[in-house]
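No value in this document is a laboratory result; all are computed from the given coordinates. Because the structure is predicted, anything quoted here is derived from the model rather than measured. As a convention, Cβ positions derive from the backbone with ideal geometry for all residues, glycine included, and neighbour counts pool all protein chains shown.
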Amino acid sequence: MEKLCGLVAIMLLCNLSLSSAATGTATFYTPPYTPSSCYGYEDKGTMIAAASSEIWDNRAACGRKYTVKCIGATNQGGYPCNGNSVVVTIVDYCPPTGCRATIDLSQEAFAAIANPDAGKIIISYAQ
């Protein structure tokens, strides 16, 4: 009985973590990644992203980490996802005038979860 209760608890926790993820879209941008809105010329590596107005929160998004996973294609070009997820840090702002997605991933982060030829993908993301 104890083992069954433990298994049920684990299943509930897994379900809670999946249900807290939001759905959106992701595109990618290419180097150079500096300067950025959050950190100027400070290099934050390549597992980074720019936030759209939807999650920017008046610069409060700077430094937030999001787990991002590709869950589908936005076009008819085939299924671009590879099943991986990636953790990115928000370092920049993707303004409404040029932003085409919820999160604009670095090229390296995008390639870690999907075929870059897709250009834009459907994602789940959670902080």
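Quick one: if you stick a label point 7 Å off each Cα along the C-beta vector at N84 and T67, how many nm between them?
1.6 nm
Using only alpha carbon positions, build the gyration tensor of the chain, then give the equivalent ellipsoid semi-axes as the square roots of 5 times its eigenvalues, largest first, whole angstrom. Before the final figure, lay out each step's value.
Details: eigenvalues 164, 67, 33 Å².
Ellipsoid half-lengths, sorted descending, are 29, 18, 13 Å.
Could you give the length gained by full extension between T34 and N58, i.e. 0.36 nm per residue of separation minus their alpha carbon distance, to one decimal place?
Details: separation 24, 0.36 × 24 = 8.64 nm, distance 1.98 nm.
That pair, T34 and N58, stretches by 6.7 nm at full extension.
Let's test the formula: R0 of 25 Å, r as the Cβ-Cβ distance of N75 and A111. What FRET efficiency results, to the nearest 0.05? Please list the in-between numbers first.
On the way: r = 18 Å, r/R0 = 0.70.
It comes out at approximately 0.90.
If you put +1 on each Lys and Arg Cβ and -1 on each Asp and Glu Cβ, how big is the dipole of region 45-104 around its Cα centre, in Debye rounded to 20?
Details: 5 positive and 4 negative charges, 24 e Å.
Approximately 120 debye in magnitude.
Dipole magnitude of region 22-65 about its Cα centre, charges +1 at Lys/Arg Cβ and -1 at Asp/Glu Cβ only, in debye to the nearest 20?
The calculation lands at about 80 debye.
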